[in-house]
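Asker: Sharing a structure below in structure tokens format, with a few things to ask.
No lab work stands behind these numbers, since they all come straight from the coordinates. The structure displayed is predicted, hence computed values, not measured ones. Virtual Cβ from ideal backbone geometry, glycine too; neighbours counted across all protein chains shown.
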Amino acid sequence: MVENLAIVDLGSNSARMAITEIAPDGRFREIRRVKENTRLSEGMGREKMLQESAIERTITALKRFKKIYQEIPNIKVRAITTAAVRQARNRQEFLNRVQREVGIHLQVLSGKKEAYYDYLGVVRTLRLNHCLILDVGGASCELILVQQRKARNLISIPVGAVNLSEQYHLNGYVRSADLFRAQVAINERLTKIPWLRYATRVPIVLLGGANRTLARMTQSYHHHHRRNGSIHGYQLSSRVVFATYRELLNRNLAQRKRITGLEPERADIIIGGMLPLVTLLQRNSDGRVIFSESGVREGIITEYVNQRKRHHD
């Protein structure tokens, strides 16, 4: 009997739902994907408190998702949430409210678990023996060093597109002093990760909203559109990444909103969102970046199918 699995993934910047059909033999295909820009981590500040307006946007999105998956037969729901809720001082109130108002039980993934699911999603679909995976979310970055297709080291650090942009004023026209402060802060974070020195000669595999936006902007600029609109496996050199970043820094917010391939609602966080990558590339002599559309959700599906297989065997 065919099973359907709905994965609700509540990120710091957007909420997504993917519905996957799983055949009895374990093969699976995605049948529906929905996304809402909820920006849950907006305005959390140093107090790390989820704000009422962000909570309401998120609950509205979750109700929409529920309407969709309730229509689907034989459905199982797995709902996860990541950095914004993980870091929030009022996380328990938020989780209780979601349970009460939407009837969804949200599992808060630890940073390490999120990084591990990223790794599972990437190695299932990209033929790379060695790489560094970088997932930039709204309120955290996950880094995974892959050697011989195994996750050798992984970490989650609490810097992301939304909190970097807010803290260092990278939203509008960026002042050089603000950018410098942000770069120094990220460099300090990265220098404290001892195993990163083994990741200087490997390609960087990119996940997360900011990185997907970078792929779409460069595809539009270079007219590299693929027939199915996918960015999976798309490659860029560090030279192109730096040129794109420079282009973004030369513009104010209104001008950035007009860039093809950049969603207008991401224009205020794209500079903060690209900063972790730009900083890593300055340390990396390989110079290649490869985009992956498989990440946490695909990692969860992979784990689910493998567990199901073991159960049936």
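Asker: Say R0 is 45 Å: what FRET efficiency, to the nearest 0.05, do R175 and K309 get from their beta-carbon distance?
Answerer: Values: r = 54 Å, r/R0 = 1.21.
For R175 and K309, the calculated efficiency is 0.25.
Asker: Find, among the trypsin sites (Lys or Arg not before Pro) in the range 190-229, those assigned to loop by DSSP (not H, G, I, E, B) with at most 12 other beta-carbon atoms within 10 angstrom.
Answerer: Details: sites: K192, R197, R201, R212, R216, R226, R227; in loops: K192, R201, R226, R227.
Passing both the DSSP loop test and the Cβ count: K192, R201, R226, R227.
Asker: Measuring from a point 7 Å past the Cα of K150 along Cα-to-C-beta, which residues in the range 107-137 have an amide N at less than 17 Å?
Answerer: 116, 119-120, 123-124, 128-132
Asker: Starting from the range 1-55, pick out the GluC sites (Glu not before Pro) whose DSSP state is loop and whose Cβ has at most 14 other Cβ atoms within 10 Å. Each step should come with its number before you reach the end.
Answerer: Values: sites: E3, E21, E30, E36, E42, E47, E52; in loops: E42, E47.
Passing sites in the range 1-55 are E47.
Asker: Comparing V241, V102, V205, which has the greatest mean-square fluctuation in the GNM of the chain with Cα pairs linked when under 10 Å apart?
Answerer: V102
Asker: Please grab the % of Cα pairs in the range 112-291 that end up more than 27 Å from each other. Spell out each step's value before the answer.
Answerer: On the way: 3428 of 16110 pairs.
When every Cα pair of the range 112-291 is considered, 21 percent fall beyond 27 Å.
Asker: Could you compute the net charge surrounding I59? Neighbours are other residues with a C-beta less than 15 Å from the C-beta of I59; K and R count +1, D and E count -1.
Answerer: My count for the surroundings of I59 gives +3.
Asker: Where nothing but the Cβ of Lys and Arg (+1) and of Asp and Glu (-1) is charged, how large is the charge dipole of the chain around its Cα centre, in debye to the nearest 20?
Answerer: Once rounded to the nearest 20, the dipole reads 460 debye.
Asker: May I pose another question? Restricting attention to the alpha-carbon atoms of the chain, what are Rg (one decimal) and Dmax (integer), both in Å?
Answerer: Expressed in Å, the Cα Rg and Dmax of the chain come to 19.0, 60.
Asker: While we're here: Trypsin sites (Lys or Arg not before Pro) within the range 102-143: which are DSSP loop residues with at most 15 other Cβ atoms inside 10 Å? Display every interim value, and only then the final one.
Answerer: Details: sites: K112, K113, R124, R127; in loops: R127.
Filter output for the range 102-143: R127.
Asker: Based only on Cα atoms, what mean projected area does the convex hull of the range 3-108 have, in nm²? Walk me through the intermediate numbers first.
Answerer: Working: hull surface 25.5 nm².
Computing the convex hull of the Cα atoms and averaging its projections yields 6.4 nm².
Asker: Which net charge results when you count Lys and Arg as +1 and Asp and Glu as -1 among the other residues whose beta-carbon is under 12 Å from that of L50?
Answerer: Once positives and negatives cancel, what remains is +2.
Asker: Oh, and also: Amide H of L106: which non-local residues (sequence gap of 5 or more, or other chain) have their own amide H closer than 5 Å, using H built in the peptide plane?
Answerer: Under 5 Å from the amide H of L106: no residue qualifies.
Asker: Same structure again: Answer rounded, prolate or oblate for the range 48-174, using the Cα gyration tensor with square roots of eigenvalues a ≥ b ≥ c: rounded when a/c is under 1.5, else prolate when a/b is larger than b/c, else oblate.
Answerer: Working: a/c = 2.15, a/b = 1.24, b/c = 1.74.
It comes out oblate by the Cα gyration axes.
Asker: Another question, if that's okay. Which lysines have a Cα less than 27 Å from the Cα of K192, not counting those fewer than 8 places away in the same chain?
Answerer: Once the sequence-local lysines are set aside, what remains near K192 is K48, K112, K113, K150.
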